[in-house]
Amino acid sequence: MSQGSIEINRLQVYAYHGVLAQENRIGNLFEISIKLYYPIQRAMINDNISGTLNYAEIINLIKEVMNKPSHLIENVIERIRVTLVTNYPLIEGGKITIAKLSPPIANTQLESVAVCYEW
């Protein structure tokens, strides 16, 4: 069966992840990009949402996971991955990237820091 993918690109969510106390108190803007692989053929032929991944529902699941603070972005990625594969057995693999858009690093100007995981 053919494999396809659904991508969610640069979803911005305000959350409270980080090691520093100020990150847990003040929060930060995060950007999440996800690519999920699944057998696309059924959706292509049947034109029915039951054969695909509902990206609106996936976005809501990501937001729910992002609402629970973690110290490490790696932990957030794993919680998102587990939530998605549990809710969508069609997922055969994927890639998740989470970027912290304004990391609190003294005397440093940069766009973001990110963690990426592919399985």
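Rule-based calculations on the coordinates, nothing more; no lab input. Just so we're clear, the structure is a prediction, and the values are computed from it rather than from any experiment. Positions of Cβ are generated from backbone atoms using ideal geometry, with glycine treated the same way; all protein chains shown enter the neighbour counts.
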Folded to 0 to 90 degrees: helix 55-66 orientation relative to the chain principal axis, Cα
30
Convert each backbone phi in the stretch 7-14 into a coupling constant with the Karplus relation 6.51 cos²θ - 1.76 cosθ + 1.60 (shift: θ = phi - 60°), then list the ³J(HN,Hα) values in order as whole Hz, x for Gly and Pro.
10, 10, 10, 6, 5, 9, 9, 8
Dipole axis of the chain (+1 Lys, Arg; -1 Asp, Glu on Cβ), positive-most option in LEU90, ASN54, LEU29
LEU29
Computed over the chain, the Cα gyration tensor eigenvalues, each multiplied by 5 and square-rooted, give semi-axes in Å (largest first) of 31, 13, 11
Helix 73-87: angle to the longest alpha-carbon principal axis of the chain, degrees 0 to 90, nearest 10?
20
By how many nm would the segment from ASN107 to GLU92 lengthen if fully extended, with 0.36 nm per residue of separation less the alpha-carbon distance?
1.2 nm
Order these by the 10 Å Cβ neighbour count, fewest first: LYS68, LYS100.
LYS68, LYS100
